[in-house]
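The values are calculated or read from the model by the stated rules, or taken from the named source; none is laboratory data. Predicted model, so just to flag it, every value in this text is computed and none were measured. A quick note on method: Cβ atoms are made from the backbone with ideal geometry, for glycine too, and the neighbour counts reach across all protein chains shown. Only protein heavy atoms, including side chains, enter the accessible area calculation; ligands, DNA and RNA are left aside. Shrake-Rupley method; radii C 1.70, N 1.55, O 1.52, S 1.80 Å.
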Amino acid sequence: PPAVLCGSLEDEAFWQGAERDPFARIRSDTVLTHSDGQPRWVSRSISPVHTPDGGRYWLVLLHDQTRRRRAEAERETLLAELRATLESTADGILVVDLAGRVRS
């Protein structure tokens with residue numbers, strides 16, 4: 001039953017959507033706890049599988065997005081630091097590319 005797979009309200013809504021529509025293909029992003037206790041960002045999707053004898057199963061795919069999410073967060077932090085530095089400088093800054101052309 002879907003209740004066994006629910007660790008949060010988001011999970012419950014995800015599985016209730018699948019239960020309501022036996023032909024649903026559902027995708028969402030969520031955070032799961034890895035066996036090492038660390039959180040993992042995952043994209044999950046489910047697709048129904050119906051067998052000739054009337055059985056109904058779900059194919060569940062999880063794709064670990066943790067490295068991508070961490071890289072995005074690091075990039076956002078660096079950009080925020082750069083913006084703060086540039087906004088607080090009293091000096092003019094001239095940016096040129098490797099060919100010596102003025103960029104900004």
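Descriptive notes on the structure:
- Residue selected from segment 11-53 under the condition among the hydroxyl-bearing types (Ser, Thr, Tyr) and in contact with a helix residue (DSSP H, G or I) (Cβ under 7 Å, 6 or more places away or on another chain), by the criterion farthest from ASP64 (Cα to Cα): SER28
- Considering the conditions (1) free of Cβ contacts under 8 Å to residues at least 40 places away in the same chain; (2) open to solvent by 60 Å² or more (accessible area, probe 1.4 Å), ASP11 is excluded by exactly one of them, (2).
- Extreme residue, most open to solvent (accessible area, probe 1.4 Å), among residues of segment 72-104 that are farther than 30 Å from TRP41 by Cα and of a type in the set (Asp, Glu): GLU87
- All conditions in (1) touching a residue at least 12 places away in the same chain (Cβ under 8 Å); (2) under 15 Å from the mean Cα position of the chain (by Cα) hold for VAL31, with the sole exception of (1).
- Candidates GLY17, GLY7, filtered to the one that is part of a helix (DSSP H, G or I) and modelled with pLDDT under 85: GLY17
- Taking segment 51-86 as the range and being within 18 Å of PRO22 (Cβ to Cβ) and free of Cβ contacts under 8 Å to residues at least 12 places away in the same chain as the test, the residues that pass are THR51, PRO52, ASP53, GLY54, GLY55, TYR57.
- All conditions but one from (1) of a type in the set (Gly, Ala, Ser); (2) out of contact with any strand residue (DSSP E or B) (no Cβ under 9 Å at 6 or more places or on another chain); (3) under 30 Å from ARG20 (Cβ atoms) apply to ALA90; the one that does not is (3).
- Some residue of segment 88-99 being acidic (Asp, Glu) and in contact with a Lys or Arg (Cβ under 6 Å, 6 or more places away or on another chain): yes
- Leading residue by the ranking (nearest to LEU59 (Cα to Cα)) among those in segment 14-37 that are open to solvent by 40 Å² or more (accessible area, probe 1.4 Å) and among the polar types (S, T, N, Q): GLN16
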